[in-house]
1. Got a number for residues in region 604-649 being closer than 30 Å to Leu701 by Cβ, in contact with a Gly (Cβ under 8 Å, 6 or more places away or on another chain) and hydroxyl-bearing (Ser, Thr, Tyr)?
2. Which of (1) more than 26 Å from Lys129 (Cβ to Cβ); (2) surrounded by fewer than 17 Cβ atoms within 10 Å (Cβ to Cβ); (3) of a type outside the set (D, E, K, R) is the odd one out, the single condition Tyr211 does not satisfy?
3. If I ask for residues that are open to solvent by 20 Å² or more (accessible area, probe 1.4 Å), among the basic types (Lys, Arg) and on the phi < 0 side of the Ramachandran plot, which ones from region 217-249 would you list?
4. Among the residues of region 643-654, count how many are farther than 20 Å from Ser704 by Cβ and either open to solvent by less than 60 Å² (accessible area, probe 1.4 Å) or free of Cβ contacts under 8 Å to residues at least 40 places away in the same chain (or both).
5. Here's a check for you: in region 586-608, which residue that is farther than 25 Å from Phe310 by Cα and of a type in the set (Ser, Thr, Tyr) is most open to solvent (accessible area, probe 1.4 Å)?
6. Check Ile545, Ile583 and return the single one that is at pLDDT 95 or above, surrounded by 21 or more Cβ atoms within 10 Å (Cβ to Cβ), part of a strand (DSSP E or B) and not acidic (Asp, Glu).
7. Output the number of residues of region 622-642 satisfying the condition of being over 29 Å from the mean Cα position of the chain (by Cα) and either among the basic types (Lys, Arg) or exposed (fewer than 14 other Cβ atoms within 10 Å of the Cβ) (or both).
8. Looking for something among the basic types (Lys, Arg), assigned to a strand (DSSP E or B), over 31 Å from the mean Cα position of the chain (by Cα) and closer than 19 Å to Lys348 by Cβ - is there at least one such residue anywhere in region 477-490?
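The values are calculated or read from the model by the stated rules, or taken from the named source; none is laboratory data. Just so you know, these numbers come straight off a predicted model, no measurement behind them. Because the Cβ atoms are built from the backbone with ideal geometry, glycine has one as well, and the counts that use them run over all protein chains shown. Please note that ligands, DNA and RNA were not included when accessible areas were found on the heavy atoms of the full protein model with its side chains. Shrake-Rupley method; radii C 1.70, N 1.55, O 1.52, S 1.80 Å.
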Amino acid sequence: MNKHIKSSGKGRVRFAKSNSDEHRPPTFEAFDTKLVTPRAPTTQALSVLDVDMHAAENKRAHNTIKYKNTNLIVRRNQEFFITISFDQPFNNQRDNVQMEFLIGSSPDENKGTYIVLPIGIEKSNGRWKSRVVDIRGNYVTVGVTPDASCIIGRFQTFVVVVSDFGKQRTERNTATDFYVLFNPWDPADQVYIPNDNQRQEYVMNDVGIIYNGEINNITSRSWNFGQFEKGVLDACLFVLDSGKVPLVYRGNATQLVRQGSALMNAQDDDGVLVGSWDENYSIGTAPTAWTGSTEILLKYAREGGVPVCFAQCWVYAGVLNSFMRCLGIPTRVITNYCSAHDNTGNLKTDIVLDEDGRVDRSRTRDSVWNYHCWNEVYMKRPDLPDKFSGWQVIDSTPQETSDGLYRCGPTSVNAVKEGELSYPFDARFVFAELNSDVIYRQSDKYGNTKIHHVDTAYVGKLLVTKRVNANSYEDITSNYKYPEGSDKDKQTMKNAENRGIPTRDYLPQPEAGVTMNIQVDTVKMGDNFKLTLNINNQTSQTRTINATITGSVSFYTGVVSTTFKLENKAATVNPQNTAKLQINVQAVDYMPYLVEQANLLFVVYGRIQETGQTISTMRVVTLRPPELTINVNGIPRVGKELMVIVSFRNPFTFILENVQLRLDAVGLMPTRMKSYNQIPPGGSVQYTEVITPQTPGRKVLIGSLDCAALRQVTNQLEIIVQ
């Protein structure tokens, strides 16, 4: 890009002559020492008439053309081009002209917030670079390369002519402001990721998939990351400003992602989202109702930093993903199935049962979440040994404080896998989410408890993320863990214990020789169904097992709400054989007590008559909600109207009240919402929206229906606009 550059017409502004004393912005008063003492002029000084930022051309070269923002957006350590026109021919052997770029309210050359670049007789000695690319009469094209570790954010641009008359500086004009972002395409940048397919997925993809459900019934929802949508980049920078993140931190990816994980939640710092797990969402939006991040980030910025209500883990992860991708950091959403939330800070998740084998809700403080979502960011970690660079965990769901704030990470995934837990940040917490043992304790009538069964393999069973260039998931469990019970796994636990994790002195437990597991098919909400309890006798003697089955309604966080079923069963199992017990579950028993996301938790306590030993198992059943249907009428073409139809039928025998229906489509339309006072039993609603696609390519329509009695009803439709 040199002599053939043409003006884009955007990011361009004309200037009248401006005397520095009349028009100098107040932020520049500290720099007046550079003014030259006027003396009798020999020739007329240059004046700047026009500055063309070549926004469109530069943005194409910098992979920022998708941002819906008229200003120039560039990436670190990559050259961009500016053309300046003067009122007379420019002579780089004679004329002394500088460009000044500044960010923040107190520019300082030593802090990287005030950059001076010569384009005339003076030579550059800073970390940003400039060169004259082309001179054509009154027009000068300059190449500018921001430093590979410079601050990211919005910079102001000024051109200064230094002459015998003093300094003549162009006036402030927002059209020549430009944004600098991280550069995952450049090996010199901390967030460089070498694979282009991964860059397209983890930086450029603005629609993703977040996995939820439970390990035996993995479900998903599409999510509008919307990092390129109008206003989102400014909203992300507003988040940093609201959180008072020092500018000097904003060039360091390690510091920035740590600050970002704190700023997504409203604890401590009035961050973006208020978390709620209590089902009362009357003053805001239910977490299950959101379809993407754009609506949330724009609302937060529009309302001046008032936290948005409400979020749970996948909403935090979705918005943090958008925030990081928007700033140029490769980021992905991770789902950990059977994720331990350990309230006592050790590697034990305690499930307390009463004398009869029922879950004792008052004494069970730990929980295993069906799933928990966090994020990974890809970066070098200059503060750690090389092998701990790469993917790093960050988590903005407020669970525990870290250095006084609710945040987590960045935690090296490789360090977690090796049990190297003494490196910053928060590796012990992440390790516990993946490696806790589930310890079933039984209490007697005096409140004393004893361990009756330990399951070392229940937690951290599966970790997934969206596959690159596909709508299926990738199993990344092996990134975090060695195979359960392998020599490497044992070495990891030994390393972790050497780094301060409490020793597992309750292992090994004596083998009972009998195991149990629960089988169940996919179940629709409102259906009767059967559980099958498989009891496997691996011994050479007959065994008689008395089993207590407790069925409870639970939240996805594993917290029990209401117990609706208690049943005792017995089975005699021959040596080296399996017996099957069936348990009938009736909809009338569980439906009145359902809480959001419709999870049922079944815990089985078994006692072997012949030996007195006890065994336990548990299984979550996530009930499948009714369907939301999305259709389009017409062929999707640029500039042609397209009808989108979202429909839903209430299959239940009760009225659905205060129903919210959302429709979202990145690059097609802003989020639209429709409310219904009631949908009667068997009743249907149909919502129609007419849209006109403006750009070709793959688009995803995302719909969600939400009310107090029915959460997690979502669907998506992918269309190709021609």
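1. So the count comes out to 1.
2. Going through (1) more than 26 Å from Lys129 (Cβ to Cβ); (2) surrounded by fewer than 17 Cβ atoms within 10 Å (Cβ to Cβ); (3) of a type outside the set (D, E, K, R) one by one, Tyr211 breaks only (2).
3. Scanning region 217-249 gives a single hit, Lys230.
4. Qualifying residue count for the region: 1.
5. Looking at residues that are farther than 25 Å from Phe310 by Cα and of a type in the set (Ser, Thr, Tyr), I get Tyr605.
6. On inspection, the qualifying residue turns out to be Ile545.
7. Residues that pass the stated criteria total 8.
8. no
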